[in-house]
Amino acid sequence: MARYGMALDYKNCINCKACEVACKEENGVELGAEKHRIWVGSNNPTGIWPNLDITSATFVPSQCQHCEDAPCQEVCPTQATYYDENHVVRVDSDKCILCSYCMNACPYDARYVDDRTMTIDKCTFCSDTRLARGETTTACQNTCPTKVRTFGDLDDYDSEISQLLRTREHFSLKAHLGTNPKLFYLT
Amino acid sequence: MIAKAKEFITTIPVNKVSIKDLLSFEKSPRNMLVAVLTVAFIALFVIGVANYLIHSHHAYNVTRQHPWGLLIAVYIFFVVSSTGLCIIGSLGDVFGFKDYELISKRAIFGSIVTILAGFAVIAFEIGHPVTMLIYNVLSPGLTSAIWWMGTLYGIYLTFMIVEFIFLLKGDMKSAKRFGLIGLLVGLAAHSNLGSVFGFLNARPISNGVFYPTYFILTAFITGIYLAYIMMGFRYKLDFSAEVKKMLEGLAKIQGLLISILIFFVAWKMLTDVYGGMPNRAEVAVHIFHSWTFWAEVILAMIIPLFIILRDMGKSPILFFWASLSGMVGVFFMRYNLVHDTQLKPLQMMKIEEYQLPPEWVHYFPSMTEIMISLGGLGLCIAMYYVGTKLFNLDSDH
């Protein structure tokens, strides 16, 4: 029993996409699929040439935010989307009816149709793969060359993520929606 | 108990109808046009469904950014029609307005066929309809508006069928009882359908109390348009004094309802724009620039209201044509509701170099979606026609 979350030191991201490749390999994501499970978004620099604000040109890794109050879970008519014992938002593909309500309800565009199972899938924090094998890191974290990602138990006071969140300022995406994401962007 | 149920079913007054009877109708140009269109639409439905079964959702133009397409809009169109007809049917047999008893049986039957047409369409939009039937019961998502909407509509359909049987049997007391419960369940279901959109806090343009209430209002309006269309076809636009009186009353109510709707829509759009709230104001401005929004306003609101206000609803023939315009407008209303909700992408960053950040989500239905949608209309007309042959849908007195 844990309450898993992830901290992202997103300003360290170099957009090498190693996390996307590792996720695809580890979780059997469809090859060539775009924005399945995780992706890296990029902001264009603001300002007018030559006065560009280069600090605004950031890469922002994103994925399912594993919200504490996940809209996708609330709207699911058959409880196919559920919280597992580690507070990870998961999908029971046997129960998914492909009504697409979760795709419309998720503010982070984190849900997508897996064409092989014809169900709506998402990031699971490697719960079916690495965590099930007893490992303590996700594929995306493990492969990141600049250590953008820190995954761990938010309820464990001594975990690396808990220490990071105590010592570094951070924000959540679309926090005003009250979804209480468990992905934290370090500033 | 079984014997009683058997007796209840066997005593339902049903006309014996052969294929020959179904094909024997007045071969007027208008009837022939409707018959040919109906058969063509059903043929398109078969082709559309076959294409869907082969290619699954790839046969549709729905995308990750726009997962709900034309079929959802058409489903809403049919269930709104059903709720509207239920309200119209209830005026006479539930609330006891004598003038409207004329249309009760026909409207309740209409509410059954329209919701069945809606179910026929949505069955090919939901990816796993059989799984839905199983897990709706085994693991109900009680916080889901879709669960409540679907479940309540199922109960509503049952009550409508039972009410219709009692109406056929002339048991007005039981019809009233089932009609009242059916109406309340139907309104709850319909309001929940509005909340499917209203609950989307990721979509500020739809989020809020507006849709759950607006759906009830527009259902009533749709019901009156359909009442006019059904009565127009029934009496070939040659209305008796009794029917005229009823239609005049309905037109007056419609004038009031459309006026309220115009207030609703005007203030919704203005409050959406006012203050420039991100993700809402720019979407509303975008909607103002779409022709489908103006098609909705002109066809469903302006034209019918203008015709009512000309002589306070005293021209039922003219309002029959306005009702056809109104129903086309109501279709755009449903399409706009679904499309506008999804106009703004939820993820606004570019994910590849040399790519522009996402702007508006574009959608135009595929041929398969259009074929299944027209097929829904064909099924609805065909079921209604068979019903007019099988049952006496006119008032008994």
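Structure summary
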read-out: Criterion violated by B:Leu133 - all others in (1) open to solvent by less than 50 Å² (accessible area, probe 1.4 Å); (2) within 14 Å of chain A (Cβ to nearest Cβ) satisfied; value: (1)
read-out: Single residue of B:His55, B:His66 found to be more than 29 Å from B:Ile103 (Cβ to Cβ) and in the same structural domain as B:Thr158 (by TED's automatic domain parsing); value: B:His66
read-out: Selection count, segment B:93-129, where residues are open to solvent by 30 Å² or more (accessible area, probe 1.4 Å), touching a helix residue (DSSP H, G or I) at 6+ places or on another chain (Cβ under 6 Å) and within 14 Å of chain A (Cβ to nearest Cβ); value: 2
read-out: Residue check for B:Glu26: among the acidic types (Asp, Glu) and in contact with a helix residue (DSSP H, G or I) (Cβ under 9 Å, 6 or more places away or on another chain); value: no
read-out: Residue in segment B:197-209 that is open to solvent by 40 Å² or more (accessible area, probe 1.4 Å), in the same structural domain as B:Ser90 (by TED's automatic domain parsing) and in contact with a helix residue (DSSP H, G or I) (Cβ under 6 Å, 6 or more places away or on another chain) present; value: yes
read-out: Among residues of segment A:104-132, those that are facing chain B (nearest Cβ under 9 Å), touching an Asp or Glu at 6+ places or on another chain (Cβ under 8 Å) and open to solvent by less than 20 Å² (accessible area, probe 1.4 Å), counted; value: 4
read-out: Positions within segment A:42-74 being part of a helix (DSSP H, G or I) and either within 13 Å of A:Arg111 (Cα to Cα) or free of Cβ contacts under 8 Å to residues at least 12 places away in the same chain (or both), in sequence order; value: A:Ile54, A:Thr55, A:Pro71, A:Cys72, A:Gln73
read-out: Residue list for segment B:136-156, filter: surrounded by 21 or more Cβ atoms within 10 Å (Cβ to Cβ) and more than 26 Å from B:Ala50 (Cα to Cα); value: B:Gly141, B:Ser144, B:Ala145, B:Ile146, B:Trp147, B:Trp148, B:Met149, B:Tyr153, B:Tyr156
read-out: Those residues of segment B:150-178 which are over 18 Å from B:Phe8 (Cα atoms) and away from chain A (no Cβ under 14 Å), in sequence order; value: B:Ile155, B:Tyr156, B:Leu157
read-out: Qualifying positions in segment A:19-49 - crowded, with 17+ Cβ neighbours inside 10 Å and of a type in the set (A, V, I, L, M); value: A:Ala22, A:Val29, A:Ile38, A:Val40
read-out: Complete set of residues in segment B:343-369 that are in a helix (DSSP H, G or I) and crowded, with 16+ Cβ neighbours inside 10 Å; value: B:Thr368, B:Glu369
read-out: Segment A:101-121: number of residues that are assigned to a loop (DSSP other than H, G, I, E, B), within 16 Å of the chain's Cα centre (by Cα) and on the phi < 0 side of the Ramachandran plot; value: 5
read-out: Enumeration of residues in segment A:36-52 that are under 18 Å from A:Val89 (Cα atoms) and either away from chain B (no Cβ under 12 Å) or out of contact with any helix residue (DSSP H, G or I) (no Cβ under 9 Å at 6 or more places or on another chain) (or both); value: A:Arg37
read-out: Unmet requirement for A:Val91, which otherwise passes all of (1) closer than 18 Å to A:Pro181 by Cβ; (2) within 12 Å of chain B (Cβ to nearest Cβ); (3) not small (Gly, Ala, Ser); value: (2)
read-out: Odd one out for B:His57 among (1) part of a helix (DSSP H, G or I); (2) of a type outside the set (Gly, Ala, Ser); (3) in contact with a Phe, Trp or Tyr (Cβ under 8 Å, 6 or more places away or on another chain); value: (3)
read-out: Residue within segment B:213-226 that is more than 21 Å from B:Tyr153 (Cα to Cα), open to solvent by less than 50 Å² (accessible area, probe 1.4 Å) and of a type in the set (Gly, Ala, Ser) present; value: no
read-out: Unmet criterion (only one of (1) crowded, with 17+ Cβ neighbours inside 10 Å; (2) under 24 Å from B:Ser56 (Cβ atoms)) for B:Ala382; value: (2)
read-out: So A:Asn180, is it surrounded by fewer than 23 Cβ atoms within 10 Å (Cβ to Cβ), under 17 Å from the mean Cα position of the chain (by Cα), within 14 Å of chain B (Cβ to nearest Cβ) and farther than 16 Å from A:Gly28 by Cβ; value: yes
read-out: Test set (1) open to solvent by 70 Å² or more (accessible area, probe 1.4 Å); (2) of a type outside the set (S, T, N, Q); (3) more than 19 Å from B:Gly110 (Cβ to Cβ) - B:Phe233 fails condition number; value: (3)
read-out: Residue satisfying condition, being over 24 Å from B:Lys389 (Cα atoms), in contact with a His (Cβ under 8 Å, 6 or more places away or on another chain) and not charged (D, E, K, R), within set B:Gly154, B:Gly141, B:Gly150, B:Gly127; value: B:Gly127
read-out: Set B:Ile298, B:Ile381, B:Ile302: member being within 22 Å of the chain's Cα centre (by Cα), without any contact (Cβ under 8 Å) to a residue 12 or more places away in the chain and part of a helix (DSSP H, G or I); value: B:Ile302
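The values are calculated or read from the model by the stated rules, or taken from the named source; none is laboratory data. Remember, it's a predicted structure, so these values are computed and weren't measured experimentally. Note that we place each Cβ from the backbone using ideal geometry, even for glycine, and neighbour counts take in every protein chain shown. All accessible areas refer to the heavy atoms of the entire protein, side chains included, with ligands and DNA or RNA removed. Shrake-Rupley method; radii C 1.70, N 1.55, O 1.52, S 1.80 Å.
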